[in-house]
Amino acid sequence: MPGFELIGEEERAAVNEVFDNGGALFRYGFDFMRNGSFKVVEFEKDFAKHVGLNHGQAVTSGTTALWAINRALGVGPGDEVITQAFTFVATVEAIKETGATPVVTEVDKSLNMDPADLERKITDKTKAIWVVHMLGGPARMNEILEIGNRHGIPVLEDTAEAIGAKYAGKPCGALGFASAFSFDFGKTLTAGEGGMALTNDESFYLKLRAYADHGHEDNPEFPRGEDSATMNGFNLRMMELQGAIGLAQLKKMPDALGQLASNRDRLRASLEEVSELIEFRETPENGIDSGDSLIFYLPTREDREAVTNELASKGVGFKLLPGAVKWHFAGQWDHIWDEVPHYQGQNYLELWPNTYNLLQRSIAIPIMIKMTDEQIDGIAEKIKAALSHLPGRN
Ligand SMILES: *Cc1c(COP(=O)(O)O)cnc(C)c1O
């Protein structure tokens, strides 16, 4: 998955270039000291193009990209916004922090939003739907977009974990009304921290841009200090060094994503030999996962525990599943639901039983860009050995 594997001379040179051009670290203005260098602006243009969209607004994080999109849509108190029970906590925080009510669906075997449950959870208060493409796997966008369109509700994509994933020939993040990406240090493209909100809708983009900069319209008719404003905003500005690093990483994406996909294919082909013992995560028809990780289910939680115990003892690592669900499964967020009247006081762990069951039975093997064939084959052999040790499987 991670861009941190790629951090090297190119990123260092990109940072030096900012200083060589005069050291303007702020994305706006300071024309007298920047020698025409606008790294954040360039990153916005190139990243949007990479995803096949017209407009990108760089912000401080994936979380603030989600939040800015909600705010620019006018999400607020009295609204409901739907997302899924398996996601990073940020998706829900970004709804809650607008004053709206997060409403959470089950995931299905794609480990993403279950369209049938989405349909059940729509009310006349539903203002938006946040699909999350978890761990590099596309959600069932056909069904979800159809539901959104039928109800006139915008579908938004949390694409923080899915740069490089595709659906129906388009990149994930280019399917809904707007999308949010993260460049934190665990993501496939990293700038250390940072995020981007993307959309094809120009007037929506102008709202995002203003919201991310205290309402500034960046009006060329005025100096910054006299800039015009039509809406309130906040400070979510990305700095030039992040833009420079992001650009350096973006250039590495085609090779990195190609390597991830081929490493994933090699591991998957080897595990196909034991496909009667495991069930692979479902990828919707027309979907291609990014190769972030390879995920499979065991028949029961006990089987999964036996396998992960053995794998851990042999030094095999996991990605989120099963270990790190505390921050990725809604049933464990007492600290959030205690403050949300819609869920307050219920038995949170039992609110999303299908999701809980799937997560308990899942194993996610992280795919690294720099894995060697020997390392991949070694992991596959350890997985097969652990499966063969399950009671009644030899
Ligand atoms: C990482 C992540 C975020 C938040 O991104 P940050 O840049 O860390 O704020 C949001 N949603 C998902 C699904 C993520 O994995």
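Things worth noting here:
- Shape category assigned to region 73-217 from the gyration tensor of Cα positions, a/c cut at 1.5: rounded
- Phi angles across region 207-212 convert, under the Karplus curve 6.51 cos²θ - 1.76 cosθ + 1.60 with θ = phi - 60°, into 3J(HN,Hα) values of 5, 4, 4, 5, 4, 6 Hz, Gly and Pro given as x.
- The chain - accessible surface per residue (Å², probe 1.4 Å): 41
- Overall, the chain carries a charge dipole of about 220 debye about its Cα centre when +1 sits on the Cβ of Lys and Arg and -1 on the Cβ of Asp and Glu, all other atoms neutral.
- Degrees between helix 141-151 axis and first principal axis of the chain (Cα, 0 to 90, nearest 10): 60
- Centre separation in Å (Cα based) which lies between region 31-104 and region 169-217: 5
- Around E226: net Lys/Arg minus Asp/Glu count, Cβ-Cβ under 13 Å: -3
- Over 26 Å apart at the Cα level, from the set K49/K187; K39/K319; K166/K187, are K39/K319.
- When DSSP beta bridges are restricted to pairs lying wholly in the chain, around 65% turn out antiparallel.
- Shape category assigned to the chain from the gyration tensor of Cα positions, a/c cut at 1.5: oblate
- Largest first, the residues T126, T230, T283 sort by 1.4 Å accessible area into T230, T283, T126.
- Rolling a 1.4 Å probe over the protein heavy atoms leaves F185 with an accessible area of roughly 110 Å².
- Beta bridges per DSSP, both residues in region 97-184: antiparallel share near 30 percent.
- With every protein chain in place, region 1-105: carbon and sulfur % of accessible area (1.4 Å): 54
- Rolled with a 1.4 Å probe across the full set of protein chains, the surface gives R237 an accessible area near 60 Å².
- Shape call, region 1-154: gyration tensor on alpha carbons, a/c limit 1.5: prolate
- Net charge over other residues, Cβ less than 15 angstrom from the Cβ of N309 (K, R count +1; D, E count -1): +1
- Accessible carbon and sulfur surface of region 217-371 relative to its total accessible area, %, 1.4 Å: 51
- 10 °C / 1.306 mPa s Stokes-Einstein diffusion coefficient of region 84-168, Kirkwood radius on C-alpha pairs, µm²/s: 123
- Working from Cα pairs under 8 Å separated by at least six residues, relative contact order for region 88-203 is 17 percent.
- The listed residues F26, F86 rank as F26, F86 when sorted by accessible area, largest first, using a 1.4 Å probe.
- Estimated inter-spin distance, N149 and D218, nm [label 7 Å along Cα→Cβ]: 3.1
- Computed E for R12/E381 - FRET, C-beta separation, R0 25 angstrom, nearest 0.05: 0.10
- Estimated FRET transfer efficiency (E305, A269; beta-carbon r; R0 30 Å; 0.05): 0.70
- Estimated FRET transfer efficiency (M33, W327; beta-carbon r; R0 51 Å; 0.05): 0.80
- Take L236: with every protein chain present and a 1.4 Å probe, its accessible area is about 10 Å².
- Between the Cα long axis of helix 62-72 and the first principal axis of the chain there is an angle of about 60°, rounded to the nearest 10.
- Protein-only accessible surface at a 1.4 angstrom probe places the residues R27, R266 in the order R266, R27, largest first.
- The chain, relative contact order in percent, only Cα pairs under 8 angstrom and at least six apart counted: 20
- Computed over region 1-151: relative contact order in percent, which uses C-alpha pairs under 8 Å that are six or more apart: 16
The values are calculated or read from the model by the stated rules, or taken from the named source; none is laboratory data. All of these numbers come straight from a predicted model, not from anything done at the bench. Don't worry about glycine lacking a Cβ; one is built from the backbone with ideal geometry, like all the others, and counts go over all protein chains shown. Areas reflect the complete protein model, heavy atoms only, side chains present, ligands, DNA and RNA absent. Shrake-Rupley method; radii C 1.70, N 1.55, O 1.52, S 1.80 Å.
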